[in-house]
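The values are calculated or read from the model by the stated rules, or taken from the named source; none is laboratory data. Owing to the predicted nature of the structure, the values given are computational and were not obtained by experimental measurement. Here Cβ is always computed from backbone atoms with ideal geometry, including for glycine, and neighbour counts include all displayed protein chains.
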């Protein structure tokens, strides 16, 4: 009996000396977006810009207001998002410019309630008279990117990126980064008429 108990103990020790199980790392969904291909959009507006061909639906409309105003929506159905653009004519009026700048900055700052951070990236192209700011908004805010560009005398354009889903920054981050490149392309390619 002692002999068989000793054999069982030795077998138990040998069998139980395996390595501890190691948990597998979390897996993340890999999203691959098509290479961006840009073409100029000429939609009978006071400005032109290059848009990604992935933006398959483009809607333009004239807006009510004291100055010439237009709204442009670039729809990205495959990403369930859109970039909304609003154009306003400054009419060489410094008060208009100051009011438009204040509104654009105030609109971005309203996202501080839900945003983890707001990163500002100034934009300037003196040769083409384009000055502006790009805001990257981190966290579960409604919009992940906003921007404005102006020539500071006649034209003012603002833009915002929105997704048709409840804001969950981790889930929409890859698409937000992809569309942020499109926003930068709009800012860099804009030409005033």
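Yes or no: residue 148 crowded, with 21+ Cβ neighbours inside 10 Å and touching a helix residue (DSSP H, G or I) at 6+ places or on another chain (Cβ under 9 Å)? Judged against the criteria, residue 148 is a match.
On inspection, residue 110 fails the criterion of being without any contact (Cβ under 8 Å) to a residue 12 or more places away in the chain and in contact with a strand residue (DSSP E or B) (Cβ under 9 Å, 6 or more places away or on another chain). Name the single residue that is nearest to the chain's Cα centre (by Cα) among those in the range 55-73 being touching a residue at least 24 places away in the same chain (Cβ under 8 Å) and either buried (at least 19 other Cβ atoms within 10 Å of the Cβ) or assigned to a strand (DSSP E or B) (or both). That would be 55. Just one of the numbered conditions (1) surrounded by 13 or more Cβ atoms within 10 Å (Cβ to Cβ); (2) touching a residue at least 12 places away in the same chain (Cβ under 8 Å); (3) not in a strand (DSSP E or B) is not true of residue 99: (2).
Taking the condition without any contact (Cβ under 8 Å) to a residue 24 or more places away in the chain and surrounded by 13 or more Cβ atoms within 10 Å (Cβ to Cβ), does residue 89 pass? Spell out how you get there, then give the answer.
Numbers: without any contact (Cβ under 8 Å) to a residue 24 or more places away in the chain: no; surrounded by 13 or more Cβ atoms within 10 Å (Cβ to Cβ): yes.
The answer is no for residue 89.
I'd like to verify a number: residues in the range 143-174 that are closer than 27 Å to residue 32 by Cα and either modelled with pLDDT of 90 or more or not in a helix (DSSP H, G or I) (or both), how many?
Taking the range 143-174 and keeping what is closer than 27 Å to residue 32 by Cα, we get 143-147, 159-174.
Subset that is either modelled with pLDDT of 90 or more or not in a helix (DSSP H, G or I) (or both): 143-147, 159-168.
Number of matching residues: 15.
Part of a strand (DSSP E or B) and farther than 18 Å from residue 163 by Cα, is that true of residue 86? Full working, then the answer.
Numbers: part of a strand (DSSP E or B): yes; farther than 18 Å from residue 163 by Cα: no.
Judged against the criteria, residue 86 is not a match.
Could you say whether any residue in the range 116-123 is surrounded by 15 or more Cβ atoms within 10 Å (Cβ to Cβ), without any contact (Cβ under 8 Å) to a residue 40 or more places away in the chain, in contact with a helix residue (DSSP H, G or I) (Cβ under 9 Å, 6 or more places away or on another chain) and within 28 Å of residue 165 (Cα to Cα)? Scanning the range 116-123, I find at least one residue that is surrounded by 15 or more Cβ atoms within 10 Å (Cβ to Cβ), without any contact (Cβ under 8 Å) to a residue 40 or more places away in the chain, in contact with a helix residue (DSSP H, G or I) (Cβ under 9 Å, 6 or more places away or on another chain) and within 28 Å of residue 165 (Cα to Cα), so the answer is yes. Would you check if residue 178 is touching a residue at least 40 places away in the same chain (Cβ under 8 Å) and over 20 Å from residue 72 (Cβ atoms)? Against the criterion (touching a residue at least 40 places away in the same chain (Cβ under 8 Å) and over 20 Å from residue 72 (Cβ atoms)), residue 178 does not qualify.
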